[in-house]
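Below is one structure; the comments refer to it alone.
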Amino acid sequence: QVQLVESGGGLVQPGGSLRLSCAASGIFFSIYRMGWYRQAPGKQRELVAAITSGGSTNYADSVKGRFTISRDNAKNTVYLQMNSLKPEDTAVYYCNANRVTNYYWGQGTQVTVSS
């Protein structure tokens with residue numbers, strides 16, 4: 001049974017930082033492309049950042065220079081370091097694992113950026 005469990009969300013002031021974690025089980029983690037997506041109220045889910053099995057990364061233009069995705073294959077965990085947070089970053093953040101036609105999702109963690 002595949003499980004992706006996100007943690008680290010919460011309420012933070014503009015300009016603050018959060019680090020999200022996603023612990024995976026039930027998959028051969030190191031060969032999966034891992035991604036973070038987010039969905040704000042009334043909007044479609046969008047890709048925030050992704051990291052391949054080889055460590056290549058890509059980011060949405062809106063978060064480049066502020067967010068960093070990383071992975072620890074020994075811990076089966078992917079991280080999203082979010083700095084200089086803005087109110088428009090408020091959303092539910094989802095972890096995704098993808099290999100070929102297999103897609104798995106976590107349950108999501110809420111990030112709220114507000115003063």
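The values are calculated or read from the model by the stated rules, or taken from the named source; none is laboratory data. Remember, it's a predicted structure, so these values are computed and weren't measured experimentally. Because the Cβ atoms are built from the backbone with ideal geometry, glycine has one as well, and the counts that use them run over all protein chains shown. For accessibility, only protein heavy atoms count, side chains too; no ligands or nucleic acids. Shrake-Rupley method; radii C 1.70, N 1.55, O 1.52, S 1.80 Å.
Residue count for segment 86-115, restricted to those that are assigned to a loop (DSSP other than H, G, I, E, B) and over 14 Å from the mean Cα position of the chain (by Cα): 5.
Figure legend. Inter-residue proximity from segment 48-72: first residues over 13 Å from G35 (Cα atoms) and open to solvent by 10 Å² or more (accessible area, probe 1.4 Å), second residues outside any strand (DSSP E or B) and among the small types (G, A, S), beta-carbon distance below 7 Å, spacing 6+ or different chains. Indicated pairs: R66/S84. For the structure I just gave you, tell me whether V113 is over 11 Å from L20 (Cα atoms), open to solvent by less than 70 Å² (accessible area, probe 1.4 Å), among the hydrophobic types (A, V, I, L, M, F, W, C) and at pLDDT 95 or above. For V113, the condition - over 11 Å from L20 (Cα atoms), open to solvent by less than 70 Å² (accessible area, probe 1.4 Å), among the hydrophobic types (A, V, I, L, M, F, W, C) and at pLDDT 95 or above - is met.
When the criteria are applied in full, R45 meets the requirement of being surrounded by 12 or more Cβ atoms within 10 Å (Cβ to Cβ), over 13 Å from V111 (Cβ atoms) and basic (K, R). For T77, the test of being open to solvent by less than 40 Å² (accessible area, probe 1.4 Å), among the hydroxyl-bearing types (S, T, Y), in contact with a Leu (Cβ under 7 Å, 6 or more places away or on another chain) and at pLDDT 95 or above is failed.
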